[in-house]
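What follows is one structure encoded as structure tokens, with my remarks underneath.
The values are calculated or read from the model by the stated rules, or taken from the named source; none is laboratory data. A quick note: this is a predicted structure, and the numbers were derived from the prediction, not measured. Here Cβ is always computed from backbone atoms with ideal geometry, including for glycine, and neighbour counts include all displayed protein chains.
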Amino acid sequence: MTELVQAIVNGLQMGFLYALVAVGLTIIWGLMEMINFAHGEFLMLGMFGAWGLSAGLGLDPLLAIVPLGLAMYGFGVLVYRCLMRRVQGGDPFTQIFATIGLLFLLQNAVVAGFTSDYRFVGDSLLARLSGAKLRLLGITFGVPLLAAAGLALLLFLALYLLIERTEFGLALQATSEDRDAARLVGIRPQRMFAIAWGLGAALVAIAGAILVNFFAVYPQVGLQFTVLAYAIVALGGFGSILGTLLAALVVGVIQSVTVVYLPPAFKDAFVFASYLLIGLFRPHGLFGRF
Amino acid sequence: MGRLALAVGVVAAIVYPIPLQLQGTTYYQTVGFLVLINAMLGLGWNVIGGWAGQFDFGPQVFFGVGASTAWLGLPAAVAVAVVVCALLTYPLTRLRGHYFAIATVAIWMIAQPIGATWEFIGGSQGLFIPVKARASVAASALSLQFSGPTKALGYYYSALALFALTLALMALVERSKLGYYFRAIRDDQEAAEGIGIDSRLYKVLARSITAAVFAAAGVLYAFWALSVFPEQVLELNWSTLPIMATVVGGIGRLWGPVLGAVILIPIAQIMSTTLGTGPLAGRGIDLIVYGLIIVLIAAFRPTGLLSLPWGRWFRRRRPATPAPAP
């Protein structure tokens, strides 16, 4: 029994990290309805950036969030302005392939520059805390994971307020709903899309800076997180920020509970099996607004 | 013009390995083999992705099914893959667009650990196909087993034969009622249903054709490699390369995947020979080139290279004929 509760608690903590990876995708894919297969590569760039700042300048990954977030915001805007704006009007499949091309380009540019070796961030605040554990009613909470989960929750809350409670968020939603109508009331859709891409890239880079405390960094690291992120966004229902958070928590719990009873190779398989099962009964996700 | 290009292509494909065989280099025959396999896979993906317009990112599952059941022989392995595909795909056709695409990925994600742990299909140790000496060329060709100095040559021509068969079948499908139904569903599913096309049934049919082609290629690959490791035959590359080839050549066009494979697949080989053992060898430069090509195609010519006005560029300009007198 304790084992199961422990697994659920661990799953929830991982779920917050997944939520952070997925939320950048919610904005670009879910809210703005643009596909970004290079999302994992944005994450990888964030992780590499955090590793570089830590190895080169001795900056803690948690502090690296600020410069990385700003830099990746610029990168996201650039990707939209130079590439995605061009393919936006056409068939949806052009978006898929433009971003798949971007995926290959970014991933292998990093391979060319840094090789595919695994890298670790040696000395960071969260790594130093790694021994620390909180025990409550026989359940162990790892302090670093707990801190990261708290941070993720905070960011999530800020984003939720930004999208749902501010005029800017309303403008974003209006753009995704009806571009022409948005233009009539004085919103510039191109600008909104650029900001959405910037925000998405910045958020996933921040996720990268947090994840770097727990996972090795290598150029192909993105894929394992993005396939989960795609399932999470679809499971949560497109464009629903709260739905994304809940779906991420569900995914984290499914994974860690699966590992208790089955070989670890099956942990992602169960997440996707649940996606299929839920998809059959609720084709628009758990919290989709349809 | 089109006929001339076709004739040149056919002759080139048949003659290509002969000087290499006389010279004794089998490397470029293997490159040709890979081009043909990927062109064939692209033709298969074009049915579900190009004609039926459903984004299938998990057809490599059926490549894996074909390779794992290769010991049953080609027809039986294809039949197994088609049945598995039809059973798996029917429930998925409730989902549309993005949701369908993710569901195909989901099936691939579930297939991987099953492949890695199921001992019946080799699991972690892999399956090995015993090499049997065949008495005659005909016996080798029928059992898809070649060995010795003509191994690469034999597999090149087997791949060419399977590729030609696939191409001929696809040409038939393209012009048949089936092909029109697929494209009707892609262009407007509601309208297609309105005129009585059962969209779910035809999506399953489209994906089953794709699965059959992938399974056939998987069988050929298994006999060529002589061993089947689940993580190898379920690799993402078995779908991404053919899909990229289709897009580069022209999605939804019969010859699109063929042109794309001829352009894309040799790039990796050319890169590895030109970079040799230099500092950039093995650093994914070929994939950077792939990425660039795909981004440029998507940004500037999303309908693919075949959609460029080749006829206008290459046809000799005729003197303008005077308008007939009224």
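Quick notes on this structure:
- Note on the stretch B:75-116: residues that are farther than 13 Å from B:Asp56 by Cα and in contact with a Ser or Thr (Cβ under 8 Å, 6 or more places away or on another chain) amount to 8.
Okay, residues lined up against (1) touching an Asp or Glu at 6+ places or on another chain (Cβ under 7 Å); (2) modelled with pLDDT under 75; (3) surrounded by fewer than 16 Cβ atoms within 10 Å (Cβ to Cβ):
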| position | (1), (2), (3) |
| --- | --- |
| A:Phe120 | no, no, yes |
| A:Leu129 | no, yes, no |
| A:Leu134 | no, yes, yes |
| A:Ala149 | no, no, no |
| A:Pro189 | no, no, no |
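- A:Gln255 vs. criteria surrounded by fewer than 18 Cβ atoms within 10 Å (Cβ to Cβ), touching a Lys or Arg at 6+ places or on another chain (Cβ under 8 Å) and more than 10 Å from chain B (Cβ to nearest Cβ): no
- Residues in the stretch A:16-56 that are of a type in the set (Ser, Thr, Tyr) and either within 11 Å of the chain's Cα centre (by Cα) or under 12 Å from A:Val204 (Cα atoms) (or both): A:Tyr18, A:Thr26.
- Failed item, numbered, when A:Val5 is tested on (1) assigned to a helix (DSSP H, G or I); (2) under 28 Å from A:Thr175 (Cβ atoms): (2)
- Verdict on B:Leu292 being out of contact with any Ser or Thr (no Cβ under 8 Å at 6 or more places or on another chain), over 30 Å from B:Arg3 (Cβ atoms), within 12 Å of another protein chain (Cβ to nearest Cβ) and at pLDDT 85 or above: yes
- Once the stretch A:79-92 is narrowed to residues that are in a helix (DSSP H, G or I) and more than 7 Å from every other protein chain (Cβ to nearest Cβ), the residue that is surrounded by the fewest Cβ atoms within 10 Å (Cβ to Cβ) is A:Cys82.
- Inter-residue pairs, beta-carbon under 6 Å, first on the phi > 0 side of the Ramachandran plot and in the stretch B:247-272, second at pLDDT below 85, 6+ apart: B:Gly250/B:Gly304; B:Gly250/B:Leu306; B:Gly250/B:Ser307
- Subset of the stretch B:70-114 (residues that are β-branched (Val, Ile, Thr), at the interface with another protein chain (Cβ under 9 Å from one of its Cβ atoms) and in contact (Cβ under 8 Å) with a residue 12 or more places away in the chain): B:Val105, B:Ile107
- Search result, residues across the stretch A:63-78 that are β-branched (Val, Ile, Thr) and surrounded by 15 or more Cβ atoms within 10 Å (Cβ to Cβ): A:Ile65, A:Val77
- Condition broken by B:Gly53, with the remaining ones in (1) more than 14 Å from chain A (Cβ to nearest Cβ); (2) at positive phi satisfied: (1)
The rows are residues; the columns are (1) buried (at least 24 other Cβ atoms within 10 Å of the Cβ); (2) among the acidic types (Asp, Glu); (3) farther than 29 Å from B:Arg312 by Cα.
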{"site": "B:Ala12", "(1), (2), (3)": "no, no, no"}
{"site": "B:Val15", "(1), (2), (3)": "no, no, yes"}
{"site": "B:Thr25", "(1), (2), (3)": "no, no, yes"}
{"site": "B:Leu43", "(1), (2), (3)": "yes, no, no"}
{"site": "B:Trp51", "(1), (2), (3)": "yes, no, no"}
{"site": "B:Pro59", "(1), (2), (3)": "yes, no, yes"}
{"site": "B:Gly66", "(1), (2), (3)": "yes, no, yes"}
{"site": "B:Trp71", "(1), (2), (3)": "no, no, yes"}
{"site": "B:Val84", "(1), (2), (3)": "no, no, yes"}
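- B:Gly252 vs. criteria part of a helix (DSSP H, G or I), crowded, with 18+ Cβ neighbours inside 10 Å, within 14 Å of chain A (Cβ to nearest Cβ) and modelled with pLDDT of 80 or more: no
- Scanning the stretch A:28-52 for residues that are among the acidic types (Asp, Glu) and over 19 Å from A:Gly89 (Cα atoms) returns a single hit, A:Glu41.
- All helices (runs of 4 or more DSSP H) inside the stretch A:173-290 with 2 or more residues being in contact (Cβ under 8 Å) with a residue 40 or more places away in the chain: A:189-211, A:222-236, A:241-261, A:267-281
- Residues located in the stretch B:166-211, provided they are in contact (Cβ under 8 Å) with a residue 40 or more places away in the chain and among the polar types (S, T, N, Q): B:Thr166, B:Gln189, B:Ser199, B:Ser208, B:Thr210
- Residue check for B:Glu174: surrounded by fewer than 23 Cβ atoms within 10 Å (Cβ to Cβ), among the acidic types (Asp, Glu), at pLDDT below 95 and in contact with a Ser or Thr (Cβ under 6 Å, 6 or more places away or on another chain): no
- Conditions (1) surrounded by fewer than 15 Cβ atoms within 10 Å (Cβ to Cβ); (2) of a type outside the set (Phe, Trp, Tyr); (3) at pLDDT below 70; number of the one not met by B:Leu275: (1)
- Residues being under 18 Å from A:Ala38 (Cβ atoms), of a type in the set (A, V, I, L, M) and at pLDDT 85 or above are entirely absent from the stretch A:159-174.
- Single residue of the stretch B:20-69 satisfying the filter (part of a helix (DSSP H, G or I) and touching a Lys or Arg at 6+ places or on another chain (Cβ under 6 Å)) that is nearest to B:Thr104 (Cα to Cα): B:Ile48
- Filtered residues of the stretch B:225-240 (kept if surrounded by 24 or more Cβ atoms within 10 Å (Cβ to Cβ) and assigned to a helix (DSSP H, G or I)): B:Pro230, B:Val233, B:Trp238, B:Ser239
- You will find that of B:Leu236, B:Leu280, B:Leu264, the residue that is within 26 Å of B:Met170 (Cα to Cα), modelled with pLDDT under 85, out of contact with any Lys or Arg (no Cβ under 9 Å at 6 or more places or on another chain) and within 14 Å of chain A (Cβ to nearest Cβ) is B:Leu236 and no other.
- Residue list for the stretch A:104-121, filter: at the interface with chain B (Cβ under 7 Å from one of its Cβ atoms) and either touching a residue at least 12 places away in the same chain (Cβ under 8 Å) or among the aliphatic types (A, V, I, L, M) (or both): A:Leu105, A:Asn108, A:Ala109, A:Val111, A:Ala112
- The residues listed here are A:Gly76, A:Gly46; of these, the one that is farther than 30 Å from B:Thr303 by Cα and either modelled with pLDDT of 85 or more or in a helix (DSSP H, G or I) (or both) is A:Gly46.
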